[in-house]
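Step one of this worksheet: look at the structure below.
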Amino acid sequence: MPVPTHRPRWRPAPGRLLTSAIAAGAGAAVLLAGCAGGQSSGADRDETTVIAYRNQIDTLDPARADYQQTDNSDQLLYDTLIGYDKGKMVPQVASTFTYSPDVTSIDLTLRSGVTFHSGNPLTAKDVVYSLDRYKAVGQGIIGQISTYKSSTAVDDSHVKIELTQPDSLFMGALSRVYILDSKLVAQHAGSDQAQSWLLDHDAGSGPFTLVSASGGTYQMSRADKFWDFDAKRPKTIILRRIDDQATIRDEIRAGNVDGGWISYDDKDAFAGKNVVVGASPDTFQMAIYFNTSTGPTANPAVREAVRLAFDYKGALSTIYKDQGTIANGPLPTNLTCRPDLPASAQDLNKAKAVLADAGLSDLTLTMRYQPNFPEHAAAATLLQSDLSKIGVKLKLEPIAFSDYLTMLNDPKTIPSIMLLGEGASYPDTGVMVVNTFWSKKIGTNRGGYANPAADALIEKAIVTPDADARCKIYSQVQQTVDGDYATMPLYTVSMLWAWRSDIKGTDIPSPGEGISYRSITVGS
Amino acid sequence: MSRYVHPALFIARRLLGGIGTLLTLATMVFILLKAIPGDEARVAAGEWATPDQVAAVRAKLGLDRGVLSQYLSFLGRLLHGDLGVSSSTHGSVGSAIADQLPSTAEVAVVAVLISVTVAIPLAAFSALRSSGAWDSTRRVTVLMLAGMPTFWLALLAQSLLSAKLHVFPISGQLSVGYSVPHVTGAPTLDALLSGDLPAARDAFSHVVLPAMVLSIPQAGLMYRVTRSEILRIAARPHITVARAAGVGRARLVRKHILPPALTPVIILIGVDFGTLFSTAILVESVFGRPGLGSMMTNAIRVKDTLTVEGCVLVIGMIVVASSLVVDLVQLVRDPRVRAAELS
């Protein structure tokens, strides 16, 4: 029998069958699902505030409150000893707090009547237990209180903290140190200091209690016995992980999410909606850190020329839609204790002159940046373009932040030029000055910066208990750093957020405080 | 003369091969993670940790030992079914995967169902009407859809079908107000198990669009393979004989063309099912869903070796298991495979 070489040309009957199959399968699923699409249930949405956050909350364990996502969540569940309000240190669980004259110990008096969500009273023993636990865990927040030596419960409401050396930053750092229910945590301590238990459990005394934690969604309900109870706080807060900013925008527009950080491009996307768009004032500062100890950028002339080449205004406008301020010093523009320095500005002729005077030509530099931030990539490209105008070739190399941290361990491995967005972890100028510019801070000193004059000032500030006196010293350090062209401050950037219009208390009181969800209230 | 192989022996061989594959995979990933720059102890200790604190964390995590020693410890734990403790969360890697996997599995299973339900009938329909202009249009349309980047397609589908037309929820797993008890970790299944049909419907509505987006490249490939197989088989002599003998067209397709044509398609489903678990990150990010993909991405970012290893091993196990299932299905349904494998 001959084998047919043509393709079959009959018209079978399966048309209806196939159509039915598709309709029965995918179609039915779509219809079933679609009927519920975009609808919220009948839950009382006015009493429930849904907040979108980006990036994974690794754990709720306050030992990792050095990580922003954990800190934002723990603010709701836990209390700290002290806090900040508009940049000023204020009492929280500790009603009074004083340094010893030599800044090596702190005396605390605890507020009475504070209870944990378990019903246990918060006493001095809990404070001691928490601090000792952070030391034993040895990771995360302990890095900010590394001078912690020991503490003693003098009685139920008094604690004495001893430090290994004078540390004027310690008290401010307590604003990131959460107090744990020692009885509850001890029950679950196991062999890991309860780290695995605290991952998704609450042992705090904060304004909210944890109801559930699963799949990146954290539901919390208002704690009615909270010492600073406010009935205007929402009955329920849900933290929902949404990484994509376009999704956050659409969910807020649809009314399924009540607040979250939005893209600069979405500033005008909420017109006609019951949503308020605002800018957190100067949240972090974009800056370039030079390796001042080795390589081509060890030459101050190179650093000065690079600083003079960049079009700061153009970059702020193009990348951040003018949501920010041109930098005028090494630290964010709205921190206190800053010297009066001129704003960064482009001057290509002067940049060329600086290079010529130093006898530098055919210069090739390498800059590292984090490619997961589109704004960083854009700024890197703009700098590359600007430097080409003064005859400097800039090579761009992406780097992960974790790799960058490793490189900081040795000044020889610190990148020549590194672009970073940085803010104070709490509203104390000293935290940035000391960690970033003190030569002894290997591992956090961003540029291997070492200037004996700056070191002497920093070491003086550390042992100075008086805040005003410290403030003047910090200002002097910044002048020294700026005079050395150790960094290239670009702009302090405001972040945009969008909130349901009846939600109040969403403003950031001061830099480093971040947004505190505990201050959120609902209704007029 | 060939020797008969008992099916149990066939399965045992396949399982052994799978274990070998997983061990090789685990070793390769371990070596790669150690080779890339970055210090796990530095990241685990925290940004502001002092050198002493970093050293203590390094010792605590066992990172101060040689790479071989670390690898042997890892294998030793693995033999006991212990994936270790995450250096970033300090929780059990196994528990974290158990928390995230069901969400990804839910989307992956629905994606496969959508692919099969849409691609195979459409491919059969297209092959049997392979000469018209409509066929060309269908083919071009399928190719275009299959060629679109999944991430972009997800954004497009979300913007159009969710944000504008409100056909599907925009993101997440459940709407506010619904809660389901945690049984399997897959909200739709958990809601069904608890008898909460409205919650099940709501949870399922959150799965469909991510699954549809994820299924499109797979459905495109499945469509092309099925269509070309049907055309190839339809042109073979025994089909011509059957037609001449008066076998009805529907029966011809159902009994004589489609079954052999589906052989490569079944293999494709098996291979793709495992791949969906790793590509799910593309839709999980856009649709704000938890899952294995986003967990692994985060672990890579913070150089959490054991979590990355755990995720890779679990995805590897899924690939191996789905390949085994495909082999068994083929063994049962195809006498040629039976003849080749068991004798």
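A few points about this structure:
- The accessible-area loss of region A:52-76 on complex formation, taken against its chain alone with a 1.4 Å probe, reaches 30 Å² or more at A:Gln56, A:Asp58, A:Arg64.
- Burial annotation for region A:200-216: residues with an accessible-area loss of at least 10 Å² between the isolated chain and the complete set of protein chains, computed on heavy atoms with a 1.4 Å probe, are A:Ser214, A:Gly215.
- Based on C-alpha pairs under 8 angstrom that are at least 6 apart in sequence, region A:34-179 has a relative contact order of 26 percent.
- Since only A:Leu405, A:Thr381, A:Ala356 are under comparison, the one whose Cα sits farthest along the positive direction of the charge dipole of region A:348-407, derived from C-beta charges on Lys, Arg, Asp and Glu, is A:Ala356.
- Here r is the Cβ-Cβ distance between A:Ala136 and B:Thr184 and R0 is 41 Å; the resulting FRET efficiency, rounded to 0.05, is 0.70.
- Cβ charges +1 (Lys, Arg) and -1 (Asp, Glu), total dipole of the protein assembly as shown, debye: 4680
- For region B:49-90, residues shielded by at least 20 square angstrom of accessible area compared with the chain on its own, probe 1.4 Å: B:Thr50, B:Pro51, B:Gln53, B:Val57, B:Lys60, B:Ser88, B:Thr89, B:His90
- Of the whole protein surface, A:Cys471 contributes about 40 Å² of accessible area at a 1.4 Å probe radius.
- The lysines whose alpha-carbon is closer than 18 Å to the alpha-carbon of B:Lys303, local same-chain residues fewer than 8 away aside, are B:Lys34, B:Lys60.
- In Å², nearest 10: area of A:Tyr485 left accessible to a 1.4 Å probe: 60
- Mean residue ellipticity (222 nm) of the protein assembly as shown, computed from DSSP H runs ≥ 4 via -39,500 (n - 2.57), nearest 500: -14500 deg cm²/dmol
- Sorting A:Lys225, A:Lys273 by accessible area puts them as A:Lys225, A:Lys273; the probe is 1.4 Å, largest comes first, and only protein heavy atoms count.
- The residues of chain A expose, per residue, 39 Å² of accessible area to a 1.4 Å probe.
- Partners for A:Lys313 among lysines (Cα-Cα distance below 18 Å; same-chain residues under 8 apart left out): A:Lys321, A:Lys350, A:Lys389
- Solvent-accessible area, 1.4 Å probe, carbon plus sulfur percent, for the protein assembly as shown: 59
- Rounded accessible area of A:Thr217 (nearest 10 Å², 1.4 Å probe): 50
- Relative to its Kirkwood radius, the Cα radius of gyration of region A:413-524 gives an Rg/Rh of 1.08.
- Solvent-accessible area buried by B and A, counting both chains, probe 1.4 angstrom, square angstrom: 6300
- Magnitude of the charge dipole for region B:215-291, about its Cα centre and with charges confined to Cβ atoms of Lys, Arg (+1) and Asp, Glu (-1), is about 580 debye.
- Candidate membrane-span-like segments in chain B, meaning DSSP H helices with Cα atoms spread over at least 20 Å of their own axis and a Kyte-Doolittle mean of 1.0 or above, are B:7-35, B:93-128, B:258-279, B:305-333, with no membrane implied.
- When A:Leu180, B:Leu16, B:Leu9 are compared by accessible area of protein heavy atoms, the largest-first order is B:Leu16, B:Leu9, A:Leu180, using a 1.4 Å probe.
- Label zone (A:Ala358, point 7 Å along Cα-to-C-beta; backbone nitrogen cut-off 17 Å) within region A:414-437: A:415-418.
- These residues, A:Asp46, A:Asp181, A:Asp230, go from largest to smallest accessible area, 1.4 Å probe, as A:Asp46, A:Asp230, A:Asp181.
- Loop-located trypsin sites (Lys or Arg not before Pro) across region A:407-472 with a Cβ neighbour count of 16 or fewer within 10 Å are A:Lys412, A:Lys440, with loop assigned by DSSP.
- Pairs of Lys residues in region A:422-524 that lie 8 or more places apart, or on two chains, and have C-alpha atoms under 24 angstrom apart add up to 5.
- Two-site FRET efficiency, A:Asp85 against B:Ala235, from Cβ-Cβ distance with R₀ of 60 Å, rounded to 0.05: 0.15
- Given their separation in residues at 0.36 nm each and the Cα-Cα distance between them, A:Lys125 and A:Phe373 gain 84.9 nm when the chain is fully extended.
- Once the Cα-Cα distance is subtracted from the 0.36 nm per residue extended length, the B:Arg14 to B:Leu79 segment shows a gain of 21.5 nm.
- Positive-end residue of A:Ala279, A:Pro300, A:Thr217, charge dipole of region A:189-303 with Cβ unit charges: A:Ala279
- For the pair B:Leu193 and B:Met148 in one chain, pulling the backbone fully straight at 0.36 nm per residue adds 12.5 nm over the alpha carbon distance.
- Selection from B:Val116, B:Thr150, A:Tyr485, by position along the positive dipole direction of the protein assembly as shown (Cβ): B:Val116
- Spin-label model, B:Val67 to A:Asn409: label points 7 Å out along the Cα-to-beta-carbon direction sit 1.5 nm apart.
- DSSP bridge analysis restricted to the protein assembly as shown gives an antiparallel fraction near 80%, rounded to the nearest 5.
- Cα-based reach from A:Lys395 at 22 Å (exclusive), listing lysines while leaving out same-chain residues under 8 positions away: A:Lys352, A:Lys412
- The Cα-based radius of gyration of chain A, divided by its Kirkwood radius, gives an Rg/Rh of 1.06.
- Only Lys, Arg, Asp and Glu carry charge here, each on its Cβ (+1 for the first two, -1 for the last two); on that basis region B:141-284 has a dipole of about 1080 debye about its Cα centre.
- Between region B:272-303 and region A:279-320, the alpha-carbon center distance in angstrom: 35
The values are calculated or read from the model by the stated rules, or taken from the named source; none is laboratory data. On a predicted model such as this, the values are computed, not experimentally measured, just so you know. Using ideal geometry, Cβ is built from the backbone for each residue, glycine included, and neighbour counts are taken over all protein chains shown. For accessibility, only protein heavy atoms count, side chains too; no ligands or nucleic acids. Shrake-Rupley method; radii C 1.70, N 1.55, O 1.52, S 1.80 Å.
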